[in-house]
Amino acid sequence: MLIRRREARDGWFVAVVIIAVAAVLSLSSCTNDESLLDTKPITLTIAKQPAIAEIVPAEIRESGVLRIGTNPPYQPNEFKNRDGEIIGYDVDLMRAVSQVLGLRPEFKESDFDKIIPAIQSGTFDMGMSSFTDTAEREKQVDFVTYFSAGVLWAQRTDDDVDPDNACGLKVGVQATTYEDTDEVPAKSAKCVAQGKEPIVKVKFDSQDEAVNALLLGRVDALSADSPVTAYAVKKTDGQLEVVGPVYDAAPYGLPVRKGSSLGPALQRAMQYLMDNGFYRTISEHWGVQSGMIGTSKINDAAKD
């Protein structure tokens with residue numbers, strides 16, 4: 001997703017800036033204002049399953065609350081509406097899981113890179129923030145898988161970007177995501193091995209900042225998880241387009257403290273949703289059914 005920078009000359013530089021700012025304001029309203037979206041939260045009524053609920057750790061069962069760390073905005077999985085409420089695919093899925101477990105979900109906003117440490121310290125019971133289940137992360141927490149996502153690039157419409165030959169270009173990523181820690185660095189290392197310039201990785205605290213940077217031409221490309229990139233392209237009204245294939249398909253997982261019985265409880269609850277049609281209903285509602293999986297597992301990262 002590399003976008004050639006446009007030169008700023010004489011009077012039309014101001015016009016370019018005005019257009020770019022307008023694009024950013026338009027994108028901001030689309031990504032953070034639920035009223036402008038085609039998709040709204042779905043409400044399902046699901047009966048508690050006692051045989052699954054009894055697996056939940058006693059302290060969580062007794063509190064009746066499931067504390068969930070998340071990092072919006074990451075459309076369409078977790079983001080905020082105009083009232084500041086966290087909504088999205090992951091949110092609806094966890095509301096359904098919580099019903100199976102007989103718990104009330106409590107979504108707590110956090111920096112992405114602080115969620116796993118907060119789970120380890122006991123501040124959060126679990127995480128829900130489009131985490132890719134990786135072998136490295138499994139050293140810190142257990143993961144309950146629920147979705148298959150890959151890496152997908154985007155470019156400005158009608159630009160000419162090749163994700164497999166992005167040497168020397170600026171690529172926007174959200175900090176600490178798989179694209180930041182693994183995918184873009186691997187592509188950059190390949191460039192260096194071929195005697196070419198490395199990829200300049202530009203990190204942003206949130207995904208919408210990365211998209212805005214792409215619209216403004218501050219980066220040449222955007223790399224993000226496939227559902228996130230597809231959603232950004234859809235909501236920027238033709239300003240961006242997908243380029244290249246989906247790379248490195250891997251499972252999304254819900255992180256929990258290592259060895260906690262909350263992991264098996266979540267896995268069985270997720271499988272219950274899959275087996276009884278609720279999972280498909282939620283996935284289709286958000287338009288992400290292409291990433292559905294049939295079996296939820298614990299720690300399903302590819303091992304070297």
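The values are calculated or read from the model by the stated rules, or taken from the named source; none is laboratory data. Please read these numbers as outputs of a predicted model, since none were measured by experiment. No Cβ is skipped: glycine too gets one built from the backbone with ideal geometry, and neighbour counts run over all protein chains shown. SASA here: full protein model, heavy atoms, side chains in, ligands and nucleic acids out. Shrake-Rupley method; radii C 1.70, N 1.55, O 1.52, S 1.80 Å.
Restricting to segment 264-300, give me the number of residues that are without any contact (Cβ under 8 Å) to a residue 40 or more places away in the chain and within 15 Å of Ile52 (Cβ to Cβ).
4
Let me confirm something: among Lys196, Lys187, Lys203, Lys234, which residue is over 17 Å from the mean Cα position of the chain (by Cα), open to solvent by 40 Å² or more (accessible area, probe 1.4 Å) and without any contact (Cβ under 8 Å) to a residue 60 or more places away in the chain?
Lys196
Within the group Thr176, Thr181, which residue is in contact with a Phe, Trp or Tyr (Cβ under 9 Å, 6 or more places away or on another chain), among the hydroxyl-bearing types (Ser, Thr, Tyr) and under 29 Å from Lys114 (Cα atoms)?
Among Thr176, Thr181, only Thr176 is in contact with a Phe, Trp or Tyr (Cβ under 9 Å, 6 or more places away or on another chain), among the hydroxyl-bearing types (Ser, Thr, Tyr) and under 29 Å from Lys114 (Cα atoms).
For residues that are among the hydroxyl-bearing types (Ser, Thr, Tyr) and modelled with pLDDT under 95, scanning just segment 253-303, find the one that is least open to solvent (accessible area, probe 1.4 Å).
That would be Ser283.
How do the pairs read when you match residues in segment 245-263 that are in contact (Cβ under 8 Å) with a residue 12 or more places away in the chain and more than 21 Å from Tyr89 (Cβ to Cβ) with residues anywhere that are of a type in the set (S, T, N, Q) and open to solvent by 30 Å² or more (accessible area, probe 1.4 Å), using Cβ under 8 Å and keeping only pairs 6 or more apart or on different chains?
Here the result reads Arg257/Gln120; Lys258/Gln140, each pair linking segment 245-263 to a residue that is of a type in the set (S, T, N, Q) and open to solvent by 30 Å² or more (accessible area, probe 1.4 Å).
Determine which member of the set Ala166, Ala96, Ala175 is buried (at least 20 other Cβ atoms within 10 Å of the Cβ), in the same structural domain as Gly195 (by the TED database) and not polar (S, T, N, Q).
The unique qualifying residue is Ala166.
Would you point out the residue of segment 208-231, among those that are touching a Pro at 6+ places or on another chain (Cβ under 9 Å) and open to solvent by less than 10 Å² (accessible area, probe 1.4 Å), that is farthest from Gln267 (Cα to Cα)?
Taking the candidates together, the pick is Ala221.
Suppose we keep only residues that are part of a strand (DSSP E or B) and at pLDDT below 95 within segment 67-95. Which one would you say is farthest from Ser129 (Cα to Cα)?
Residue satisfying both the conditions and the ranking: Lys80.
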